[in-house]
Amino acid sequence: MQKLLVTGGAGFIGSNFVHYVMAHTDSFVTVLDKITYAGNVESIKHLPASRFRFVKGDIADAALVDQLVAEHDVVVHYAAESHNDNSLHDPRPFLDTNIIGTYTLIEAARKHDKRFHHISTDEVYGDLELDDPERFNEDTPYNPSSPYSSTKAGSDLLVRAWVRSFGLRATISNCSNNYGPYQHVEKFIPRQITNVIDGIRPKLYGKGENVRDWIHADDHSSAVLAIIDKGVIGDTYLIGADGEKNNLEVVALILQHMGQAPDAYDHVVDRAGHDLRYAIDSSKLRRELGWSPQFSDFESGLEDTIRWYRDNETWWRPQKAATEAKYRQQGQ
Ligand code: NAD
Ligand code: DAU
């Protein structure tokens, strides 16, 4: 039985990964999570004690990290400050967790010679023009725009340096925008679904023409497992499911599936430095590791997600009012 240490496993993608590992492998999972405003222990409750343990703690706590890393076979590193808007208003926690936290983990993984997988984002590559025929691939130069994406880029470079300089047995994946259950209501899709539930009109930044390349969280999880299993040490893999849509299209689908008029949304103040378009070429992952996404139909995945938020109001309700109050202050 493989023992996985999953950092940030009480967050959106980390908790989906934990559920995926429980359902598809016999691995033992320890989640290390600080439970910031974005973490929620409710997302990982009712898991079997024979295969699951939760440790509340900070990835920048070197003593705790050293002890936990020593006890496991693989570290899967999801923990991060993850929201671009927050990084524009208070960048410091992004440096503490994304840079110092990652440094603390790779030092422990190096010391104990453990396999390390670093979860990163397509945002490290900056953005593309709407009509650019190229998509991001593993050779695209780094060009991050926001405090968030620059700290993720920095953490990727630390991992690469630890591979080259110290022989760290690490891989990196850079994934596009995820959707699915357990995503915080600050993020685009859950914010608009829960707004409609609350009788508030969806809020589109700027013109709504920005494009994101959507992938279901379960497809991200299956790709990460494939990389841990078969990935080449030192390599980077881009994860994406050919899901490009602009924000206006996504809001229109949410409104349609929630029985609202197609124009029942508002335009609000744009995000500073707002990346225009992300698009992933995941052919290396598909060709070399035989991975393919299972959720090829964004619209039906979105319908499932809408149903999940309707059915799990007790999960998101405690965060909703404060999240909207913060956005109102920002004119968003
Ligand atoms: P999230 O904000 O939902 O969850 C982050 C989790 O990390 C939370 O549970 C939080 O409590 C925990 N955490 C934060 N700081 C910590 C610390 N110092 N010590 C321990 N735990 C801490 O984020 P997410 O959207 O699930 O993203 C997870 C990872 O995936 C991040 O590394 C992010 O960069 C990456 N990623 C996200 C997306 C996306 O679409 N959301 C896409 C590609 C990559
Ligand atoms: O590309 C991967 C990245 O995707 C991850 O690295 C980040 O952790 C994750 O948060 C996500 O970043 P984005 O900034 O793309 O996601 P967000 O949900 O904040 O916004 C998606 C798009 O929707 C973006 O163009 C901004 C826009 N938006 C967002 C909100 C919250 C709106 O138009 N209205 C909104 O209310």
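Compute the helix-to-body angle for 188-197: its Cα long axis versus the longest principal axis of the chain, expressed 0 to 90° and rounded to tens.
Helix 188-197 sits at roughly 50 degrees to that axis.
Could you give the length gained on full extension between Ala63 and Tyr142, defined as 0.36 nm per residue of separation minus the Cα-Cα distance, in nm?
Result: 25.2 nm gained on full extension.
Could you check how much of the accessible area of the stretch 189-332 is carbon and sulfur, as a whole percent, using a 1.4 Å probe?
Looking at the stretch 189-332 in its full context, I get 46 percent from C and S.
So how far, in whole Å, is the C-alpha centre of the stretch 1-43 from the one of the stretch 146-197?
Using only Cα atoms, the two centres lie 15 Å from each other.
Using heavy-atom solvent-accessible surface (probe 1.4 Å) with all chains present, what is the largest-first order of His77, His267, His274, His46?
His46, His267, His274, His77
What does the accessible area of Arg135 come to, in Å² to the nearest 10, when a probe of 1.4 Å is used?
About 80 Å², rounded to the nearest 10.
Which percentage, to the nearest 5, of the DSSP beta bridges contained in the chain is antiparallel?
10
Rounded to the nearest 500, what is the 222 nm mean residue ellipticity of the chain from helices alone, with -39500 (n - 2.57) per DSSP H run of 4+ residues and division by all residues?
The helix-only estimate for the chain comes to -12000 deg cm²/dmol at 222 nm.
Among rounded, prolate and oblate, which fits the stretch 1-40 when a ≥ b ≥ c are the square roots of the eigenvalues of its C-alpha gyration tensor, a/c under 1.5 means rounded, and a/b larger than b/c means prolate?
oblate
Tell me, what % of the accessible area of the stretch 1-139 is carbon and sulfur with a 1.4 angstrom probe?
50
Which value, in Å², gives the accessible area per residue of the chain when a 1.4 Å probe is used on the protein heavy atoms?
Accessible surface, normalised per residue, equals 41 Å².
Angle check, please: helix 247-257 long axis (alpha carbons) against the longest principal axis of the chain (alpha carbons), in degrees 0 to 90, nearest 10.
70
Starting from the Cα-Cα distance between Arg164 and His24, subtract it from 0.36 nm times their residue separation and give me the gain in nm to one decimal. Please list the in-between numbers first.
Details: separation 140, 0.36 × 140 = 50.40 nm, distance 3.24 nm.
Roughly 47.2 nm would be gained on extension.
The values are calculated or read from the model by the stated rules, or taken from the named source; none is laboratory data. Just so it is clear, the model here is predicted, and its values are computed rather than measured. Just the protein is used for accessible areas: all its heavy atoms, side chains included, with ligands, DNA and RNA removed. Shrake-Rupley method; radii C 1.70, N 1.55, O 1.52, S 1.80 Å.
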